[in-house]
1. If only one of Ala370, Ala315, Ala352, Ala310 is of a type outside the set (S, T, N, Q), in contact (Cβ under 8 Å) with a residue 60 or more places away in the chain and either open to solvent by 30 Å² or more (accessible area, probe 1.4 Å) or in contact with a strand residue (DSSP E or B) (Cβ under 6 Å, 6 or more places away or on another chain) (or both), which one is it?
2. Please indicate, with yes or no, whether at least one residue in the range 132-141 is out of contact with any Leu (no Cβ under 8 Å at 6 or more places or on another chain) and at positive phi.
3. Could we say that Asp14 is assigned to a loop (DSSP other than H, G, I, E, B), open to solvent by 10 Å² or more (accessible area, probe 1.4 Å) and charged (D, E, K, R) here?
4. Given the criteria closer than 23 Å to Trp109 by Cα, touching a helix residue (DSSP H, G or I) at 6+ places or on another chain (Cβ under 8 Å) and of a type in the set (Gly, Ala, Ser), does Gly67 qualify?
5. Every residue in the range 199-217 that is surrounded by 22 or more Cβ atoms within 10 Å (Cβ to Cβ) and more than 17 Å from His158 (Cβ to Cβ), please.
6. Please determine, by comparing only the residues of the range 53-82 that are assigned to a helix (DSSP H, G or I) and open to solvent by 20 Å² or more (accessible area, probe 1.4 Å), which one is nearest to Ser201 (Cα to Cα).
7. Which of the residues belonging to the range 117-129 are assigned to a loop (DSSP other than H, G, I, E, B), out of contact with any Asp or Glu (no Cβ under 7 Å at 6 or more places or on another chain) and under 26 Å from Val248 (Cα atoms)?
8. State all residues of the range 275-305 that are open to solvent by 60 Å² or more (accessible area, probe 1.4 Å), closer than 30 Å to Leu234 by Cα and either of a type in the set (Gly, Ala, Ser) or at pLDDT below 95 (or both); if no residue qualifies, say none.
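The values are calculated or read from the model by the stated rules, or taken from the named source; none is laboratory data. Given the structure is predicted, the values throughout are model-derived calculations rather than measurements. Because the Cβ atoms are built from the backbone with ideal geometry, glycine has one as well, and the counts that use them run over all protein chains shown. Ligands, DNA and RNA are excluded from the accessible area calculation, which covers all protein heavy atoms including side chains. Shrake-Rupley method; radii C 1.70, N 1.55, O 1.52, S 1.80 Å.
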Amino acid sequence: MPLYLTEDQTMLRDTTRGFVAEHAPVSHLRALRDANDATGFSRDLWKQFAEMGFTGILIGEDQGGLGLGHVEAGVVLEEIGRNLSPSPFLATAVAAVAALKGTAHAERWFPGIVAGETVAALAIDERAKHGPAVALKAERSGNGFKLTGRKQFVTHGHVADLLIVAARTSGSPEGADGVTLFAVDPKSAGLTATPERLADSSLAARIEFDGVEIDADAVIGEVDAGRDPLGHLLAAGRTGAAAELLGVGAGAADMTVDYLKQRKQFGVAIGSFQALQHRAAHLYAELEVARSAVLKAQQLLDTADPRADAAVSVAKAMTGMATTLSVQEGIQMHGGIGMTDEYDIGFYMKRARVLAEMFGDANFHADRLALAAGY
């Protein structure tokens with residue numbers, strides 16, 4: 001499969017680039033931060049995403065969506081990353097849709113997602129770093145379950161309409177089996193969501209489940225077999241996060257190259273200095289390699305190829321490293337002013353740091369690949 005976009009995908013990219021740059025540029029993030037916005041994103045903008053058809057990009061046409069794939073979702077996410085646009089697109093329209101697709105919950109939640117009226121949040125992580133451990137307990141209670149425990153780093157968890165929760169129905173916290181995925185109402189009694197502002201000014205919640213009662217029909221998939229829908233969620237989320245990271249890296253690189261052309265020292269543009277040219281060329285090469293890794297992972301996911309799982313980890317690790325290089329070089333080449341609030345390059349560094357951790361950082365995925373290879 002060729003590692004470049006088709007004509008239709010290129011048209012989608014051009015449309016998305018113009019829309020996001022106009023309606024959700026970096027200044028939009030800055031305005032939300034300066035206003036200490038309690039939501040973390042614009043619901044009006046989320047509705048505009050729906051009007052453009054973006055929210056239903058992974059939802060089948062028979063359910064009101066566009067019936068496209070992860071390549072197309074990645075096109076949108078890259079532009080979101082390029083502009084640092086605060087949006088629930090990754091968690092809702094990509095990861096949550098992947099988890100709900102083919103289940104009884106799709107009929108209930110997909111119409112709201114397509115219309116830009118529903119926001120989903122992913123209550124997956126419990127520790128300081130992303131990992132497979134699930135300790136939150138789901139105990140049988142009446143005709144349903146009772147949830148007890150906590151989750152953290154739940155993006156938009158304090159304002160979500162739907163929480164997708166990974167809980168332990170049997171086995172030990174580190175066990176591969178015994179995990180069940182649930183669709184939970186955030187307004188349920190005993191559930192408390194406390195938002196905290198992250199380094200990039202986004203909001204994520206710590207969520208406490210104090211004996212939260214849910215019905216049996218809240219189960220996504222089957223009891224004790226939640227690793228399957230959770231795997232779909234994580235594969236989609238990791239690939240999507242890689243695409244958004246790629247956009248962050250590309251946006252930072254473009255900004256840096258423009259600065260090299262404009263900033264003058266000793267009467268000439270600093271971009272004419274060979275040392276900076278070498279660094280810019282190296283950065284370009286690293287981003288292009290990462291771009292190929294992301295596109296390959298997206299294509300394999302779209303064809304349900306068994307190699308997709310490894311490709312997803314390669315993409316997340318490589319974009320994490322390439323984008324970290326991009327934002328660090330951006331700050332360095334801007335000089336001291338790069339760390340001032342007046343310049344946007346600092347926002348790219350902060351967003352890259354948060355996205356690099358989301359769904360597992362480069363070290364997590366390198367280790368995951370090594371274990372899969374038998375090391």
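1. Numbers: Ala370 fails: in contact (Cβ under 8 Å) with a residue 60 or more places away in the chain; Ala315 fails: either open to solvent by 30 Å² or more (accessible area, probe 1.4 Å) or in contact with a strand residue (DSSP E or B) (Cβ under 6 Å, 6 or more places away or on another chain) (or both); Ala352 fails: either open to solvent by 30 Å² or more (accessible area, probe 1.4 Å) or in contact with a strand residue (DSSP E or B) (Cβ under 6 Å, 6 or more places away or on another chain) (or both).
Answer to the check: Ala310.
2. Taking every residue of the range 132-141 in turn, none turns out to be out of contact with any Leu (no Cβ under 8 Å at 6 or more places or on another chain) and at positive phi.
3. Details: assigned to a loop (DSSP other than H, G, I, E, B): no; open to solvent by 10 Å² or more (accessible area, probe 1.4 Å): yes; charged (D, E, K, R): yes.
No: the conditions fail for Asp14.
4. Numbers: closer than 23 Å to Trp109 by Cα: yes; touching a helix residue (DSSP H, G or I) at 6+ places or on another chain (Cβ under 8 Å): yes; of a type in the set (Gly, Ala, Ser): yes.
The answer is yes for Gly67.
5. Ile214
6. At the first step, the residues of the range 53-82 found to be assigned to a helix (DSSP H, G or I) are 54-56, 61-63, 70-82.
Checking which are open to solvent by 20 Å² or more (accessible area, probe 1.4 Å) leaves us with 61-63, 70, 72, 78, 82.
Values: Glu61: 35, Asp62: 37, Gln63: 34, His70: 27, Glu72: 27, Glu78: 19, Arg82: 16 Å.
Once the filter is applied, the top-ranked residue is Arg82.
7. Taking the range 117-129 as the starting set, the residues that turn out to be assigned to a loop (DSSP other than H, G, I, E, B) are 117-119, 124-129.
If we keep only those that are out of contact with any Asp or Glu (no Cβ under 7 Å at 6 or more places or on another chain) as well, we get 117, 124-129.
Within the range 117-129, Ile124, Asp125, Arg127, Ala128, Lys129 qualify.
8. The one that is open to solvent by 60 Å² or more (accessible area, probe 1.4 Å), closer than 30 Å to Leu234 by Cα and either of a type in the set (Gly, Ala, Ser) or at pLDDT below 95 (or both): Ala304.
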